[in-house]
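Engineer: Below is the structure I would like to discuss, written out as structure tokens.
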Amino acid sequence: MGNFFPRWTNLVPLKILFAAFLVATGLAAAVATYWTKGYSAVGYQPDQPIPFDHSLHAGQLGMDCRYCHSHVERSSHANVPNAQTCWNCHSQIKTNSEKLVPLRAAMDESFAGYTGKPIEWVKIHKLGDYAYFNHSVHVNRGVSCVSCHGKINEMKVVWQDKSQTMGWCLDCHRNPATALRPLDQVTNLDWKAEETDRSSFYAALAHQTGLKVEDLEKRAQQRGFETTGALTQKEIGSQLKEAWGVHPPESCSACHR
Amino acid sequence: MKRKWHHPEAGAESGTRMYWRGFDELQDTPEFREWLEREFPRGAAEVSGPEADESTRRNFLKYMGASASLAGLGLAGCRRPDQFIIPFNKHVEDQIPGRPLYYSSARPVADGCVPLVVTTFEGRPTKVEGNRLHPEWKGGSDVFTQASILDLYDPDRSAVFRKEGEVLDGDRFVEEFEKGFLAPFRAAKGAKSALLVGASTSPTRERLLAELVKACPAVKVYEYEPLSSPGRREAENRLWGAGISALPVLDKADRILSLDADFLGLDPQGEGSNGRWAARRKPGKGMARLYVVEPAFTVTGGMADHRMRLASSQVVKLAVLLAEQLGLAAQVAPLVAKLGLVRELIDPAWVKECAADLLSKKGRSVVLVGSRQPLEVHLIAGLINQALGAIQGAGGPLRLVRHGRKALPGIEALADAIRSGAVENVVVTTPCDPLYDAPASAKWGEASAKLKNLVHLGVRHHATARAATWHIPGAHYLESWGDVRSISGVLSIVQPMIQPRFGGWSELHLLAKMLPVAPAAPGEAAGGADDAAYVAVRATFAGLVKGDVELAWGLALRDGFSKGTGYPVVAPAATPAAIGFESFPLVDFPGPDAIEVVLTPSSHVWDGRFINNSWLQEVPDPISKLTWDNAALMSLATADALGVTHDGQMIAIKGGDGVVVEVPAFRLPGQADFTILVELGYGQEAAGRVGEGTGFNVYPLLRQEGAFIVSGAKAERTGAKYALAPTAIHWSMEGRAIVRENTAEAYEEFVVNGHGEDWKNFSYNQGMDGHIPPNIPLYEGPDYFRPNQEQKGAPLQGRFTVDENHQWGMTIDLNTCIGCNACTIACQAENNIPVVGKEQVINGREMHWIRMDRYFSSPREKEGMTAQRVYVPEGRGRPAHDDDSVEMLTQPVACVHCEYAPCETVCPVNATVHSDDGLNSMAYNRCIGTRYCANNCPYKARRFNYFDYNKRRTRDFYLGPLAPAEGLGMTSLKLQKNPNVTVRMRGVIEKCTYCVQRLQAAKIEAKAKARDSRDVKVPTGSVTTACQDACPSQAITFGNLRDEKDPVVKLKEDPRNYDLLKYIGTRPRTSYLARVRNPNPKMPGAEQVGQGSIGGH
């Protein structure tokens, strides 16, 4: 009997150790990179050419989202407004503001720095090129802006509020009741399910579906909701999902084409 | 339970016909087995090629290492780059970012137009589709129209103004052109000047030319298109009178005889003819019958019920014999006298029975003649048509319309005028390239060199453009205002979708500039009022319509045509007494010493104008399946006589006046012996990067205008070889009962007469499918294919989420599919499918999602074949086929969306999965490129991106990862891409998606509209696939299987419906409707027609 293990095996444990060290380091680095909020770009808050203040316009002044993002109900894109939209007011208001120079450069022919070049806004929410999101189908079926963009009406400078990863999308597509709200509240970012009046909600739903309020309430009870006290998002959502026949797609081809 | 199917041995000796796609397959050569047995051909998986040395795997790893370390060192990887959203300053009317805008327009062609609806995204046109509202066309388009959009983005198109070859910027050119040419032209009232225009039906062009001639009376106008038909023009003149055309209306025809007329393919006659013809090919009572006489297979010949192969030059003899049978012997007497003994060489029984059949449907039968046929054949056919009662005002299968256009003199007359010194300045606006394609008799090269000023306006910078004194980049039809009449006269407005990309001018713009005074503006300052073409078109329009012009204009733009503008239908004039056949020489049958060469339009490049269009170059020819080249097509007997043993062997063809051209040989069945067919348009020197070095120029064989049939040519092998890239045996399905056909008689027996109690006996259970046990489902779920009554309305249940409202399905009707490739190109345009180049096609890597299979079928039985008719390849001892009774079928195959898809079960990363609406979908971003799915796909429908086809030019494929990825020009092509479809990268599989972007858009539209209601079902018929839209004969039907009203549901219950490879249990969503041929039982050989797949397995 000679040596059972050949000579070259002497170094094998060392090699294994070294390899394991490399793998562990790699894993640690990967976790540190990919398992952080930073990777999904939450909090991305770039400087814009004009420091447009959503908290002032949408918050204090109470402008509807759709005044500027005018095609959100018709198109896949929620368009960033044309300079003309800003100019509608700002040709009169705050005309001399330093902050509005890019706007005047684009629109005001009497302005010394006039170039006529459109404003280049920095994109905040970036979706992979292989994913196709459609705004119109969401806002027309009771998903509020706030569900994906957060409380824009309180942001001075907009940041990305949600991770907008595929898992995050699917969470909602699998449980749409967590996001549905009456259609007239879609652009009301301050809407709270708990503050909604129970009787008027049910009355409106009964009117729309042609069902009796009792039947609707029975439906809620069957699902384990108490039909007294304050409404909850879950109760509203599940009622609306049922009433509108909401079945969000979960197939790959819904978003990847 | 593990299921393993043993496919039956293909081609067992039963059934009456064999189906095959190439001689290699028929003879089962080792090369063919090689193609067959590998999922991808040998070498396809290895990185090898012309520059293989620098791109071995080892090098690849090295590059990878280098790029990885660069990525680590560079800072770019740490922070994601900012992207910008740049909205317009002011809103653009109707423009909603993210939504397509559709405009009506039309693509002008020589004698009419193809009415279109153009899709634009944010101002860039991406796709054209037939206009379904058009009263004569009713939708559909053709392969050239589908591909024409790529020309708009061709990076090699003419982009700069040039004076004597020197590039000038636009303003300077205008100044110098005015000074150097226009001012002297006007001052001299057009003396010694001429225009050479292309064929067009634009009323504005006609008006501007008339105005120009009025203002400058000395100017002469000539017209030139290489693919004109002087024979037909002259015959119409003599038979019906000047300015009158005969227009086939094929939905009124019960019997059609085509004399060398590829009216469904490259020799279109009438308008919407494919659709009209298809409407009469529904099996059952009233199915039309098609006789075709032709020298080589065309798509029309493939659809024939009875086909005779006959050399083009001999068609006149058949026409004479036919006229004789129809009682017109007196009129054709001078030719009858010359026939002599020849008549026996054309099967008399064929002619007799065909004539009898035509006559039996008097008033409902029509004879069509090919454009390349000489005057005499057109005249005889005219007489026959009159004798058959085909012409009866608006009701008959042939309609005479008065277009009233004056025939213009041709290029030969112009060349003569130049040589005589009468013309010194020529303005060339014809869309072709006279220096390259003019007939030899014109001696155009020599003539045009004498010119003082040669002004050329055109989209391409081809030979003529390079020789021009003044070259003006032309505007594509999608960039300019214009108008055009369809063949029957219906007026359409050509709308610009985009500003001319390189500031090019349209023909109308140039003509308007040549006029001394600008034509009167219609008084409104609409956008584009400064555009001379727009002003001119509006002015013409105002003169053409009655009543409210503004309203009519708006309607014309909206609908894509203007109502009531068709040409008037006229009654036939009396037949002229003397037709004058006396002088027509009859040519002997071609033989080994007197080969006949037929020059045909190309299915790729037409007359040469699409030479730089990569989509057209790469789409396999409908018959030969060749890509990227033309070849000398010949029968096996001809090949034997010339000593051609392999495709691609070069032969030298010696034509008239001793001209010699060299072309590679390619053998095809069903072709008249000693006839060689070659496509025109290839071998251009000034072609652009795509067309450079493709094919061989055979225009030198064209000695005179319209002389496409070259008799008495010699041909011999040169000894050289050339690599052709045919795709005929790529992606083969091994001869299983894929393509099925039967006869109208059998159909009536089963369906109409009620004898067929079990519908499955018709085509559903042909082949192995008749023997399969009931399917043992691996998954649960209803059978959408043939839902029984209780399943139809019932909610869908299964283990998976299922869309209650939508389950998509498709049927493809082999009875009307002619194999024209329009769907393949439409799919390419819609789905951002790349081209791969000739080399990669040879490697079997073409990317077309729709593979257009072309099958030949030939009788299996050996008795009844005479020795001459059977070709026995040397040394193989097995009769290959009978050239006289060979038939052709085509079958488009894309992913059939199996409900139990074999590809899905083998994907290790779930990149291909089923969707809730029944699609077999691909998530490209998940795909890691194992290609297991392609390996497991029984339909061979999956394509793999071996290279970054979308990022690199073909010649850069093999460069390493560090090489600059984006070649010049790729940016321009990007503008064509559909923004709703992912552009795939290297290393992923792709395949037909049923145009999922359109399905999703329709579903989203329905949901957004539904708001708080439950009504989210997509309305019936509101969603179409790109292939369906493009199909000129409506062979493709797509729809929702959950919608009772959807036409696709009805078609799925048609007796002709069958699934591909049903016996393997994949339950495909795309099914096929079997071909039904309608043979005349009295014709010779009728018992063979359409008998092919019956009982075969």
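The values are calculated or read from the model by the stated rules, or taken from the named source; none is laboratory data. The structure displayed is predicted, hence computed values, not measured ones. Neighbour counts run over all protein chains shown; Cβ positions are idealised from the backbone, glycine included.
Engineer: So which residues in segment B:272-306 are more than 23 Å from B:ASN131 (Cβ to Cβ), crowded, with 24+ Cβ neighbours inside 10 Å and modelled with pLDDT under 90?
Structural biologist: Correct list: B:PRO283 only.
Engineer: Out of (1) more than 12 Å from the chain's Cα centre (by Cα); (2) in a loop (DSSP other than H, G, I, E, B); (3) in contact (Cβ under 8 Å) with a residue 40 or more places away in the chain, what's the single condition that is false for A:ASN153?
Structural biologist: (2)
Engineer: Of all residues in segment B:215-272, which are of a type in the set (Asp, Glu) and part of a strand (DSSP E or B)? First the steps, then the outcome.
Structural biologist: Of segment B:215-272, the ones of a type in the set (Asp, Glu) are B:223, B:225, B:234, B:236, B:251, B:254, B:260, B:262, B:267, B:271.
B:GLU223 - this is the single residue of segment B:215-272 that is of a type in the set (Asp, Glu) and part of a strand (DSSP E or B).
Engineer: Name the residues in segment B:284-328 that are more than 30 Å from B:PRO1055 (Cβ to Cβ) and assigned to a loop (DSSP other than H, G, I, E, B), would you? Walk me through how you get there before you give the answer.
Structural biologist: First, pick out the residues of segment B:284-328 that are more than 30 Å from B:PRO1055 (Cβ to Cβ): B:293-296, B:308-328.
Within segment B:284-328, B:PRO295, B:ALA296, B:LEU310, B:ALA311, B:LEU326, B:GLY327, B:LEU328 meet the criteria.
Engineer: Restricting the search to segment B:584-615, which residues are touching a Gly at 6+ places or on another chain (Cβ under 9 Å) and among the polar types (S, T, N, Q)?
Structural biologist: Passing the criteria: B:SER602, B:SER603, B:ASN612, B:ASN613, B:SER614.
Engineer: Counting just the residues of segment A:202-211 that are more than 30 Å from A:MET63 (Cβ to Cβ) and in contact with a helix residue (DSSP H, G or I) (Cβ under 9 Å, 6 or more places away or on another chain), which one comes out nearest to the other protein chains (Cβ to nearest Cβ)?
Structural biologist: So the first thing to find is which residues in segment A:202-211 are more than 30 Å from A:MET63 (Cβ to Cβ), and the list is A:202, A:206, A:209-211.
When the remaining residues are screened for being in contact with a helix residue (DSSP H, G or I) (Cβ under 9 Å, 6 or more places away or on another chain), the result is A:202, A:206, A:209, A:211.
On the way: A:TYR202: 15, A:ALA206: 13, A:THR209: 9, A:LEU211: 12 Å.
Residue satisfying both the conditions and the ranking: A:THR209.
Engineer: Checking A:GLU214 against (1) away from chain B (no Cβ under 11 Å); (2) closer than 30 Å to B:MET922 by Cβ; (3) in a helix (DSSP H, G or I), which test does it fail?
Structural biologist: Answer for A:GLU214: the failing condition is (2).
Engineer: Give the residue that is farthest from the other protein chains (Cβ to nearest Cβ), with candidates limited to residues of segment A:221-250 that are touching an Asp or Glu at 6+ places or on another chain (Cβ under 6 Å) and either surrounded by fewer than 16 Cβ atoms within 10 Å (Cβ to Cβ) or modelled with pLDDT under 90 (or both). Give the derivation first.
Structural biologist: Step one: list which residues in segment A:221-250 are touching an Asp or Glu at 6+ places or on another chain (Cβ under 6 Å), which gives A:225, A:227, A:230, A:244.
Applying the additional criterion that residues be either surrounded by fewer than 16 Cβ atoms within 10 Å (Cβ to Cβ) or modelled with pLDDT under 90 (or both) yields A:225, A:227, A:230.
Numbers: A:PHE225: 20, A:THR227: 21, A:ALA230: 23 Å.
It comes out as A:ALA230.
Engineer: Given the conditions (1) within 30 Å of B:VAL92 (Cα to Cα); (2) within 12 Å of chain B (Cβ to nearest Cβ), and given that A:ALA29 satisfies all but one, which numbered condition is not satisfied?
Structural biologist: So the condition that A:ALA29 fails would be (1).
Engineer: As an exercise: evaluate B:ALA1006 against (1) aliphatic (A, V, I, L, M); (2) within 14 Å of chain A (Cβ to nearest Cβ); (3) in a loop (DSSP other than H, G, I, E, B) and give the number of the one condition it does not meet.
Structural biologist: Going through (1) aliphatic (A, V, I, L, M); (2) within 14 Å of chain A (Cβ to nearest Cβ); (3) in a loop (DSSP other than H, G, I, E, B) one by one, B:ALA1006 breaks only (3).
Engineer: Take segment B:896-937 and flag every residue that is touching a helix residue (DSSP H, G or I) at 6+ places or on another chain (Cβ under 6 Å) and outside any strand (DSSP E or B).
Structural biologist: Answer for segment B:896-937, where residues must be touching a helix residue (DSSP H, G or I) at 6+ places or on another chain (Cβ under 6 Å) and outside any strand (DSSP E or B): B:PRO902, B:CYS903, B:VAL906, B:CYS907, B:SER915, B:LEU919, B:ALA923, B:TYR932, B:CYS933, B:ASN936, B:CYS937.
Engineer: Would you mention how many residues in segment A:134-167 are within 11 Å of chain B (Cβ to nearest Cβ) and either buried (at least 18 other Cβ atoms within 10 Å of the Cβ) or within 26 Å of A:GLN84 (Cβ to Cβ) (or both)? Steps first, please.
Structural biologist: To start, the set of residues in segment A:134-167 that are within 11 Å of chain B (Cβ to nearest Cβ) comprises A:134-142, A:166.
In the following step, the residues that additionally are either buried (at least 18 other Cβ atoms within 10 Å of the Cβ) or within 26 Å of A:GLN84 (Cβ to Cβ) (or both) were identified as A:134-142.
Going through segment A:134-167 one residue at a time, the tally reaches 9.
Engineer: Among the residues of segment B:329-341, is any small (Gly, Ala, Ser), touching a strand residue (DSSP E or B) at 6+ places or on another chain (Cβ under 6 Å) and outside any loop (DSSP other than H, G, I, E, B)? I'd like the intermediate steps shown before the answer.
Structural biologist: Residues of segment B:329-341 small (Gly, Ala, Ser): B:329-330, B:333, B:337, B:340.
If we keep only those that are touching a strand residue (DSSP E or B) at 6+ places or on another chain (Cβ under 6 Å) too, we end up with none.
No, segment B:329-341 contains no residue that is small (Gly, Ala, Ser), touching a strand residue (DSSP E or B) at 6+ places or on another chain (Cβ under 6 Å) and outside any loop (DSSP other than H, G, I, E, B).
Engineer: Looking at segment A:188-201, is at least one residue within 14 Å of chain B (Cβ to nearest Cβ), of a type outside the set (S, T, N, Q) and under 24 Å from B:LYS1017 (Cα atoms)?
Structural biologist: No: zero hits.
Engineer: While we're on this one: Exactly one condition in (1) surrounded by 21 or more Cβ atoms within 10 Å (Cβ to Cβ); (2) over 30 Å from B:ALA159 (Cβ atoms); (3) in the same structural domain as B:GLY504 (by TED's automatic domain parsing) is false for B:LYS443; which is it?
Structural biologist: Every listed condition holds for B:LYS443 apart from (1).
Engineer: If you don't mind, there's one more thing I want to ask. Residues to consider are B:PRO1047, B:PRO1032, B:PRO1068; find the one that is without any contact (Cβ under 8 Å) to a residue 60 or more places away in the chain and away from chain A (no Cβ under 14 Å). Please lay out each step first, then the result.
Structural biologist: Working: B:PRO1032 fails: without any contact (Cβ under 8 Å) to a residue 60 or more places away in the chain; B:PRO1068 fails: without any contact (Cβ under 8 Å) to a residue 60 or more places away in the chain.
That would be B:PRO1047, the only listed residue that is without any contact (Cβ under 8 Å) to a residue 60 or more places away in the chain and away from chain A (no Cβ under 14 Å).
Engineer: Residue check, B:PHE1038 against (1) modelled with pLDDT under 90; (2) within 15 Å of B:THR811 (Cα to Cα), all met but one. Which one?
Structural biologist: B:PHE1038 satisfies all of (1) modelled with pLDDT under 90; (2) within 15 Å of B:THR811 (Cα to Cα) except (1).
Engineer: Continuing with the same structure: From the list B:ARG926, B:ARG952, which one is free of Cβ contacts under 8 Å to residues at least 24 places away in the same chain and either under 26 Å from the mean Cα position of the chain (by Cα) or more than 13 Å from every other protein chain (Cβ to nearest Cβ) (or both)? Give the steps one after another, and end with the answer.
Structural biologist: Values: B:ARG926 fails: either under 26 Å from the mean Cα position of the chain (by Cα) or more than 13 Å from every other protein chain (Cβ to nearest Cβ) (or both).
Among B:ARG926, B:ARG952, only B:ARG952 is free of Cβ contacts under 8 Å to residues at least 24 places away in the same chain and either under 26 Å from the mean Cα position of the chain (by Cα) or more than 13 Å from every other protein chain (Cβ to nearest Cβ) (or both).
Engineer: So, one more: All but one of (1) more than 14 Å from chain A (Cβ to nearest Cβ); (2) within 30 Å of A:PRO248 (Cβ to Cβ); (3) in contact with a helix residue (DSSP H, G or I) (Cβ under 7 Å, 6 or more places away or on another chain); (4) modelled with pLDDT under 90 hold for B:GLY1021, so report the exception by its number.
Structural biologist: (3)
Engineer: Report the residue count in segment B:977-1003 for those that are touching a residue at least 24 places away in the same chain (Cβ under 8 Å), farther than 23 Å from B:VAL893 by Cα, facing chain A (nearest Cβ under 10 Å) and not aliphatic (A, V, I, L, M).
Structural biologist: 2
Engineer: Just need a number here: residues in segment A:113-133 that are surrounded by 21 or more Cβ atoms within 10 Å (Cβ to Cβ) and not aromatic (Phe, Trp, Tyr). If you could, list the steps in order and put the result at the bottom.
Structural biologist: First, pick out the residues of segment A:113-133 that are surrounded by 21 or more Cβ atoms within 10 Å (Cβ to Cβ): A:119, A:132.
Add one more test, that the residue is not aromatic (Phe, Trp, Tyr), and what stays is A:119.
Result for segment A:113-133: 1.
Engineer: Which residue out of B:GLY960, B:GLY918, B:GLY987, B:GLY929 is crowded, with 20+ Cβ neighbours inside 10 Å and of a type in the set (Gly, Ala, Ser)?
Structural biologist: Working: B:GLY960 fails: crowded, with 20+ Cβ neighbours inside 10 Å; B:GLY987 fails: crowded, with 20+ Cβ neighbours inside 10 Å; B:GLY929 fails: crowded, with 20+ Cβ neighbours inside 10 Å.
The unique qualifying residue is B:GLY918.
Engineer: Being at pLDDT 90 or above, of a type in the set (S, T, N, Q) and closer than 25 Å to A:PRO249 by Cβ narrows it down to one of B:THR912, B:THR890, B:THR930, so name that one.
Structural biologist: Working: B:THR890 fails: closer than 25 Å to A:PRO249 by Cβ; B:THR930 fails: closer than 25 Å to A:PRO249 by Cβ.
Among B:THR912, B:THR890, B:THR930, only B:THR912 is at pLDDT 90 or above, of a type in the set (S, T, N, Q) and closer than 25 Å to A:PRO249 by Cβ.
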